[in-house]
Structure formats: C-alpha cells, structure tokens
Amino acid sequence: MPTVYIKTFGCQMNDYDSGKMRAQLAADGFTPAEEPEDADLVIVNTCSIREKPEQKLHSFLGTVLPQKKVRPVTVAIAGCVAQMAGKELYAKYPKVDLVFGPDAVHRVREMVAESKVRRVLDVDFFGEDTYPFPTDVDPRSDGVAGFVTIQKGCDNKCTFCIVPSTRGIEVSRPAGEVVDEVRALVDRGVTEVTLIGQNVNSYGLKATSAGNPQPTFAELLRSVHEVPGLEILRYTTSHPRDVGDDLVACYRDLPKLADHLHLPVQSGSNRVLRRMKRFYTREVYLDVVSRLRAARPSLVLTTDVISGFPGETDADFDETLTLLETVRFQGSFSFIFSPRPGTPALRLLEEVVPHGVASERLQRFQAIQRKIQVEEHKKLVGETLRVLVDGPSAHDEGVMCGRTSSFKTVNFPALDGVARGSWVNVVVGAAYANTLRGTLA
Ligand code: SAM
Ligand code: SF4
Ligand code: F3S
C-alpha cells in the first residue's frame, strides 16, 4: 500500500483541502503515514498570509528533499505559496515533482499519476461556473468536530491581504452539496460542524450567469441546522460589513448555532480601516455587536487584529485598544503587519511602522486581551457548563477535554463511561486565560 504524508500550514481552508486530498488519494490505495520519512508521497500544503508561514515551506523542504537521495519519494508543493509563486518554486526546486495551487486539489490523483512520467505544474484558476468542489470526505474526519466548505476564494480586496490572489474569485458551493456533506460527517459521528469560507456572509449573494440559484447565508444556516444529529453549528470567517438582520435573527432562532462568533475587526481606527479597505467603521462594527448581543445575550466574541499597518499612529492603535475594552473580546489572533507581494498596501509602505513599534503595540494589546480573558473566565467559577467531550488530554490521560458551545476549553478528571462526543455538565472550579477546569456535576 502506498503512503502519503501531508504537512499542512495555514488556515482551515488548507486543513480542509488536505483532508480532501487524503480522501481522493485513498481511492488509489494511499494510506496516511505518521512521519514524512515513512511516506511514498509527501505533500506540503502551504500558506502565504504572512512572511513567517511562507518561510516554513523552505525549512520543511530542507528536511524532506535530502531523502530523495536514499529512497524514492514523490514531493509536492500545494496551497497558497504554490499558487502565488508556482513558477519560481518549480524552477528553484528541480527535485520537487509537483507544484499546484488550491484550485487543482480535485485533480490530485491525476497529477500524482502524471508525476511518475514528468514534473507537474498546475496553478490555473477555474471560472465560477465550473469550479469543482470535491465531495469526498476526509478519512480522518471521525472526530467530534468537522469542517465543510461553503465557498472558495474572496472578492474583497482588503489592502493587506494576499488571499484574493492565492484563492481566486469567490464561488459559493451549491447548498445541496453543503447539506449532504454535513449529513455525511454526522453519519460518521461528527456532532459539531464548522462551515468555512473567507467571507461566509456573502454566500449566495453574487449574481451568476445562471441567475442567482443560491440561498443566502442565513437561509443556508437554517437548512444545515435541520440536519438530524448535528449538535453545534459554527462558521468562519464572517466579515463585519455583511452581518445583516437575517443573520442576526439566526442567533435568536437557532439553538444549535454556537454561542461564539469570530468577527475579525483588524483595527479600531476609522482612518486605518479606510486604508485597509474594510468598508465598515468602528461605529458600524459596534452596532453589529450590539444587534448580535440583543439577539443572543450570551454570545462570546473573538477577533483578529493587525498592528503596525502602514501609517498607523499610536493614537490609531489606542482606538484598537479601546475597542477591545468596549467589546471585551474573549480571544483574539493578533499579528504584526507583514507586507505581501502584489497587495495594494505595498503602495503605502513609505509610511512603514518600525517593527519595534508594531511589536510593542501588539504586546500591549495582548496583555489587555489576557487580562479580559482571565476576568471573564473568573465569572464562570461555580457555574455549571454544558460541555461536549472531545477526548483525553494529549498531555495527561487522566484528564478529559471538552468544549462549550461558546468555544471554551474545559478540562475535568476522566471518569469511566464519559465517552467522546457525549455531553456532560461540568462545575467550573478554576479559571485561566485559555482554559477552565472543573469537575463533573
Ligand atoms: N477572511 C478573513 C477576514 O476577512 O477577516 C480573514 C482571513 S486571513 C486568512 C486571517 C487573518 O490574517 C486576517 O484576519 C488578518 O488579521 C491576518 N492577516 C492577513 N493578511 C495579513 C498581513 N499581510 N499581515 C498581517 N496579518 C495579516
Ligand atoms: Fe483577505 Fe479581506 Fe478576503 Fe478576508 S475578506 S480573505 S482579509 S481580502
Ligand atoms: Fe494561508 Fe491561504 Fe489560508 S494564505 S491563511 S492558507 S487561504
């Protein structure tokens, strides 16, 4: 039996694509290898969102390519760096057998077969009417949680972001396929499903040559919510500009819709938001938050923030800090701005923020974020939380881990009879910045 090892960097889209490749290759007899050294085929699925993840490709190849001297192994570069710089990578690494972008994932079997006779480079994009969403289910999706793509690409043009050029134009996946894949996951025992896309709220809104046969995102949520056996419905990522009243109403009407929403804000300053071309203001963002909280008072919000966007002043960043304190996000991913090739923000680079300044801002943000998380988590001590059991802790067999609908990780002592995928009630005894600890009620 041939074996495949896939190293995945980047976001859920890449995780999902890696799963689709595993599923398709399984049809040719490939089984997953635990280590690259044991695999006949090694695929590195790359991310180019910032410079750092992009560099990981080169260090990974540095460990894999020397193996070609001692054994036959096929090596492929996939994902967003391949899409962005495919031709350069193909020329730079003559020992790499395949280079292909995200739009070629559905062709992985064909390309691997072709690579036996010649090197393969495929970085073509599909048109919106012909985009093939692979339907095979990742053989590894036997856990409690699973992902289902509802959309590919992105039509926004946030000036810092490389995704539109690595993932191409936005295409919504037919709703029937989305619901079918959710059903297939639930049949395998998955109870928590996350619908993924770069801008899920714009699902189905784009006029297509066939008119507009898609439901809206809110309608799609309602259909998926009906799938029997599904317990928690999540989605990511949503853009604050497109949170309409129909989506807000879902938080009032759909009990399986998670008590958590990741709503990236990027900056609290209107001047910076304008230069990022995010198309909302701080006031619009705060209004979205208050409408959501009116519909679902228990909703927990998390966000993404960038520090050191070109031209950002201390006063601008102070507005990001006051926004954090106003909304009281309970988690965030925060990044130092990283200039990306071909993005419009490169034109603003004469106003570059020195790395030291951006880093100091980030640290101030993260300190406040941590303080808020501890404060919010302390409020839960003594409360009984409903927890979906994920399984034993990776560090301690005697500890079970689970998640609340609000995406809090809760640890509790393992007990016989508490199975993965079941719901338990846990009384919170201790609160930390990133986790809660408790005992079974
Ligand atoms: N589509 C999502 C949205 O609109 O918020 C996010 C997509 S991106 C994969 C995830 C996060 O990476 C962004 O929210 C942003 O904070 C960060 N990011 C993207 N480009 C960046 C850059 N050039 N430098 C630093 N952070 C960046
Ligand atoms: Fe990038 Fe903006 Fe699209 Fe998100 S919405 S993927 S940040 S261009
Ligand atoms: Fe990275 Fe591509 Fe995702 S750039 S964050 S893997 S869409």
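What the table shows:
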{"item": "Residue check, Lys20 away from ligand 3 (no atom under 16 Å from the Cβ) and basic (Lys, Arg)", "result": "no"}
{"item": "Of all residues in the range 19-59 being of a type in the set (Gly, Ala, Ser) and more than 16 Å from ligand 1 (Cβ to nearest atom), the one that is nearest to Gly342 (Cα to Cα)", "result": "Ser59"}
{"item": "Residues located in the range 23-50, provided they are away from ligand 2 (no atom under 16 Å from the Cβ) and open to solvent by 40 Å² or more (accessible area, probe 1.4 Å)", "result": "Ala26, Ala27, Asp28, Thr31, Pro32, Glu34, Glu35, Glu37, Asp38, Asp40"}
{"item": "Matching residues in the range 264-287 - criterion: being within 16 Å of ligand 2 (Cβ to nearest atom) and either within 22 Å of Pro215 (Cβ to Cβ) or out of contact with any helix residue (DSSP H, G or I) (no Cβ under 9 Å at 6 or more places or on another chain) (or both)", "result": "Arg274"}
{"item": "Residue list for the range 128-141, filter: more than 30 Å from Gly189 (Cβ to Cβ) and in contact (Cβ under 8 Å) with a residue 24 or more places away in the chain", "result": "Glu128, Asp129"}
{"item": "Some residue of the range 394-412 being open to solvent by 50 Å² or more (accessible area, probe 1.4 Å), without any contact (Cβ under 8 Å) to a residue 12 or more places away in the chain, aliphatic (A, V, I, L, M) and not assigned by TED's automatic domain parsing to the domain that holds Gly146", "result": "yes"}
{"item": "Some residue of the range 71-94 being among the acidic types (Asp, Glu) and over 28 Å from Thr149 (Cα atoms)", "result": "yes"}
{"item": "Which listed residue is out of contact with any Phe, Trp or Tyr (no Cβ under 7 Å at 6 or more places or on another chain), within 27 Å of Glu37 (Cβ to Cβ) and loosely packed, with under 13 Cβ neighbours inside 10 Å, from Pro102, Pro66", "result": "Pro66"}
{"item": "Scope the range 425-441; condition closer than 17 Å to Thr302 by Cβ, not in a strand (DSSP E or B) and not aromatic (Phe, Trp, Tyr); matching residues", "result": "Ala433, Asn434"}
{"item": "Per-region count, the range 226-249, residues away from ligand 3 (no atom under 16 Å from the Cβ), more than 26 Å from Val389 (Cβ to Cβ) and not small (Gly, Ala, Ser)", "result": "8"}
{"item": "Selected residue [free of Cβ contacts under 8 Å to residues at least 60 places away in the same chain and open to solvent by less than 50 Å² (accessible area, probe 1.4 Å)] from Val389, Val428, Val381", "result": "Val428"}
{"item": "Pro297 vs. criteria open to solvent by 60 Å² or more (accessible area, probe 1.4 Å), within 16 Å of ligand 2 (Cβ to nearest atom) and out of contact with any Pro (no Cβ under 7 Å at 6 or more places or on another chain)", "result": "no"}
{"item": "Every residue from the range 247-259 that is outside any loop (DSSP other than H, G, I, E, B) and open to solvent by less than 30 Å² (accessible area, probe 1.4 Å)", "result": "Leu247, Val248, Ala249, Cys250, Tyr251, Leu257"}
{"item": "Entirely in the range 109-217, the strands (runs of 3 or more DSSP E) that have 3 or more residues that are of a type in the set (A, V, I, L, M, F, W, C) and open to solvent by less than 20 Å² (accessible area, probe 1.4 Å)", "result": "192-196"}
{"item": "Flag for Ala78 being more than 16 Å from ligand 2 (Cβ to nearest atom) and open to solvent by 10 Å² or more (accessible area, probe 1.4 Å)", "result": "no"}
{"item": "Qualifying residues in the range 229-246 (those that are under 21 Å from Gly153 (Cα atoms) and in a helix (DSSP H, G or I)) - the one modelled with the lowest pLDDT", "result": "Asp242"}
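Table: residues versus (1) at positive phi; (2) assigned to a strand (DSSP E or B).
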position	(1), (2)
Val4	no, yes
Lys7	no, yes
Gly10	yes, no
Gly19	no, no
Ala23	no, no
Asp28	no, no
Val44	no, yes
Pro53	no, no
Val64	no, no
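The values are calculated or read from the model by the stated rules, or taken from the named source; none is laboratory data. Since the model is a prediction, treat every value here as computed from it, not as a measurement. Cβ coordinates were reconstructed from backbone atoms using ideal geometry, including for glycine residues, and neighbour counts include every protein chain displayed. Accessible surface areas use protein heavy atoms only, side chains included; no ligands, DNA or RNA. Shrake-Rupley method; radii C 1.70, N 1.55, O 1.52, S 1.80 Å.
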